[in-house]
Amino acid sequence: MSQVPDLEDHTISQLSDQQLTSAGFLGDGEFLYAYETVKHTIQVARENPALADFVTFWMLGCQKAKADHNAQHPPSSPTLSDTPTVFSQISVASLASEALTVVGSHLLCEFERVHYYNGVSVEPPELYYRSNIDTVDFKLPVPGQQNFIEIPFKTAEGVLGTPIVEVWDKVAPLIVALFKSTGVKHSALHPVFFSTLNDNMEKVMGPLVIWVATHPGTTSPDKARDVSPAVLSILVDHGIEGAVVEWIEGTVEPMTGPPLMPTVENTNPTHDVRHPFTALHGMSIATEDRENDDATGTISIYFHEGGDSNRVLAASCKHVFHADTKSNYKLGGSGHRKQQVRVNGMRKFQRALAAIKYKVDANVTDVVALTEDIERLENEPKSEDEEEAQDKAEALEKKKVQWTELTKAGTRLREFFKTVTRDWTDITRRNIGHLDWAPPISIDVDDFTYTRDMGAFFLDAQKFAKNFVGNVVDLGVKYTRHELNTIFGGKFPSSMKLRLRGTVKRQDLCNPIGVDEFGNARTIVGKDGSTTELTWGNFVGVEAYLCDKFGHESKELAIYNSSKNDRSNFSGKGDSGAPIWNVK
């Protein structure tokens with residue numbers, strides 16, 4: 001985007017061709033290329049004085065920035081729709097013959113390894129062995145006989161309401177002991193079902209799978225093949241038959257990605273883009289010490305210090321606060337200086353600015369389209385058909401009202417962008433508190449061996465007091481209220497702001513709180529992280545057994561990505577600390 005401050009608020013009616021060309025908004029040659037969307041806006045504006053007096057140099061820059069982004073990142077992520085995505089279509093002509101042949105130390109061909117978990121996540125893991133390899137075939141393409149092959153999308157499902165839940169705390173330790181005795185370096189162990197949809201849009205459940213992730217480069221396919229029968233034998237000894245052991249490589253990664261603004265109603269055009277600057281859950285935080293690492297996380301929960309104190313703290317993860325996760329930080333401790341916590345590291349701040357610009361791009365595009373519609377309706381001969389004439393008159397009246405509302409929204413977005421850049425660009429003005437406590441990451445705090453990865457910081461009262469609302473999740477605009485009620489089987493507030501209350505007891509984790517559309521028991525959970533924002537997923541129902549590369553074992557609660565229509569990942573780097581919740 002051009003950095004010419006004195007032109008940014010100039011409207012198209014005030015700008016010359018030379019100025020527009022110099023900024024990259026006009027031009028057709030090799031060295032003066034401009035995007036068609038931007039040129040179209042200028043063309044329509046010059047034919048319509050009202051539009052020319054609305055669209056500014058800065059707004060054209062927003063359109064150009066969005067076009068630049070689209071050119072570098074073509075859209076590929078699926079969105080929620082009424083029609084589930086059932087399969088991927090893979091070109092056969094582009095496949096090398098080696099991709100369909102088992103070579104080297106592999107026990108599966110490349111095509112199966114890469115596409116076996118199609119749909120499970122945005123970047124599915126690669127399978128390197130499965131125990132039913134000799135009895136169940138994976139459909140392979142036939143070069144020369146077909147141009148494309150359709151591979152069903154798989155969805156990872158929890159195990160709630162199935163027999164494995166009752167025995168998992170017995171069989172999992174036995175499997176872990178087996179891995180130790182045979183030299184398997186596992187990183188994660190948990191049960192799962194994989195489902196697909198048939199041609200009638202009916203869910204087809206696969207067998208119970210014991211999903212084993214091993215540290216990269218530590219376990220060969222031959223080793224997985226040799227150990228799998230013993231895993232299955234343990235299951236059979238505890239009454240679980242017909243299961244399959246599937247092996248992948250992977251490690252568990254920590255997800256390190258003025259007064260705060262008030263929340264506003266969803267009728268406000270800045271409603272969604274102001275989220276990073278409010279005290280609602282989903283706030284991205286970074287410490288002063290980790291700013292150069294671009295390490296960010298998300299606030300977990302707000303809580304009072306207690307006693308006679310009226311101070312409020314916020315919690316997140318230790319690895320968000322410190323690169324050295326073995327250090328023991330306590331405010332006021334020997335040699336410990338005060339460490340500042342900030343809202344939005346540099347990358348997240350730039351992302352927030354980009355979100356405003358992209359919304360302005362959409363606003364301008366809509367205004368241009370309405371301008372063309374209004375011009376068409378005004379210039380069309382009046383129909384002799386009374387009903388048609390009335391319909392067009394009503395349409396013209398409504399579109400003029402919409403045009404006025406959209407231009408007001410565009411102006412407010414511009415003013416909001418100015419406010420954000422004025423008040424928040426200086427990183428020291430994004431300090432929102434200071435660290436109080438961040439103990440070492442530990443897995444032996446109690447007998448349950450859950451990972452303690454946490455820390456807490458005091459909130460700066462001047463930043464929070466005016467607009468603080470407590471532990472509230474803004475559900476945003478990604479889903480409608482009806483869609484959320486359908487997904488979670490609960491009732492969300494009309495304000496689309498969900499207040500978090502209480503916690504789930506450990507003994508209740510294996511009790512499902514709902515069923516899916518096929519009648520299968522499930523517990524759907526949600527999360528609002530600073531990177532992936534509002535997402536939902538399927539809670540497995542039992543604990544996953546993890547082991548890092550140093551042999552440190554722990555238990556965690558596993559959540560699979562959401563299913564069927566929305567195949568986005570449940571979390572990503574920068575979401576660390578975000579609370580996970582359900583609705584009853």
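Descriptive notes on the structure:
- Share of carbon and sulfur in the accessible heavy-atom surface of segment 409-506 [1.4 Å probe, %]: 53 percent
- Projecting the Cα atoms of Trp581, Ser530, Leu500 onto the charge dipole of segment 488-584, computed from C-beta unit charges around the Cα centre, puts Leu500 farthest toward the positive end.
- Here segment 238-370 is assigned +1 on the Cβ of each Lys and Arg and -1 on the Cβ of each Asp and Glu. Its dipole about the Cα centre then comes out at about 640 debye.
- Each part reduced to its alpha carbon centroid, segment 140-215 and segment 353-411 end up 51 Å apart.
- Look at the alpha carbon pairs under 8 Å that are at least 6 residues apart: their mean separation over the length of segment 480-584 gives a relative contact order of 26 percent.
- Over all directions, the projected convex hull of the C-alpha atoms in segment 509-573 averages 5.5 nm² in area.
- Per residue, the convex hull around the alpha carbon atoms of the chain comes to 221 Å³.
- Modelled label positions at Asp423 and Val469, each set 7 Å beyond Cα in the direction of Cβ, lie 1.6 nm from each other.
- P(r) histogram, all alpha-carbon pairs of segment 177-260 included - 5 Å bins from 0, percent: 3, 12, 20, 19, 15, 11, 8, 5, 2, 2, 2, 2, 0
- Overall, the accessible surface of segment 130-240 at a probe of 1.4 angstrom is composed of carbon and sulfur to the extent of 54 percent.
- Exposure of Thr480 as accessible area (Å², to 10), given a probe of 1.4 Å and all protein chains: 70 Å²
- For trypsin sites (Lys or Arg not before Pro), no site in segment 147-216 is both called loop by DSSP and has at most 11 other Cβ atoms within 10 Å.
- In segment 380-481, the chymotrypsin sites (Phe, Trp or Tyr not before Pro) that fall in loop regions by DSSP, at most 13 other Cβ within 10 Å: Phe448
- Scattering profile of segment 453-550 at q = 0.18, 0.21, 0.22 Å⁻¹ [log10 I(q)/I(0), Debye over alpha-carbon scatterers]: -1.11, -1.29, -1.34
- Charge dipole of segment 421-559 about the Cα centre (unit charges at C-beta), most positive-ward option of Thr449, Gly476, Gly519: Gly476
- Summed residue charge, Cβ within 11 Å of Val102's Cβ, Lys/Arg positive, Asp/Glu negative: -2
- Computed from the C-beta positions of Glu126 and Glu265 and an R0 of 41 Å, the FRET efficiency is 0.35 to the nearest 0.05.
- Applying a DSSP loop filter and a limit of 11 other Cβ atoms within 10 Å to the trypsin sites (Lys or Arg not before Pro) in segment 444-528 leaves Lys491, Arg501, Lys505.
- Computed from the Cα positions only, the extents of segment 281-431 along the three principal axes stand at 87, 35, 25 Å, in decreasing order.
- Residue (of Ser181, Val165, Phe194) at the positive-pole extreme of segment 165-221, dipole from beta-carbon charges: Ser181
- Working note: Cα gyration tensor of segment 363-492, eigenvalues times five, square-rooted, sorted largest first, giving semi-axes of 52, 24, 12 Å.
- Principal axis dimensions, segment 350-426 - Cα atoms, whole angstrom, descending: 62, 16, 15
- Over 22 Å (Cα to Cα) - which of Lys318/Lys348; Lys185/Lys223; Lys139/Lys185; Lys348/Lys463; Lys203/Lys555; Lys478/Lys527 fall in this group: Lys139/Lys185; Lys203/Lys555
- Ordering of 385-398, 7-20 by packing [mean C-beta count within 10 Å, highest first]: 7-20, 385-398
- The residues of the chain present an accessible area of 50 Å² per residue when probed at 1.4 Å with all protein chains retained.
The values are calculated or read from the model by the stated rules, or taken from the named source; none is laboratory data. Here the structure is a predicted model, which is why all the values come from computation and not from measurement. Every residue, glycine as well, gets a Cβ built from its backbone with ideal geometry; the counts of neighbours run over all protein chains shown. When the accessible area is computed, the model is the full protein with side chains, heavy atoms only, and any ligands, DNA or RNA have been set aside. Shrake-Rupley method; radii C 1.70, N 1.55, O 1.52, S 1.80 Å.
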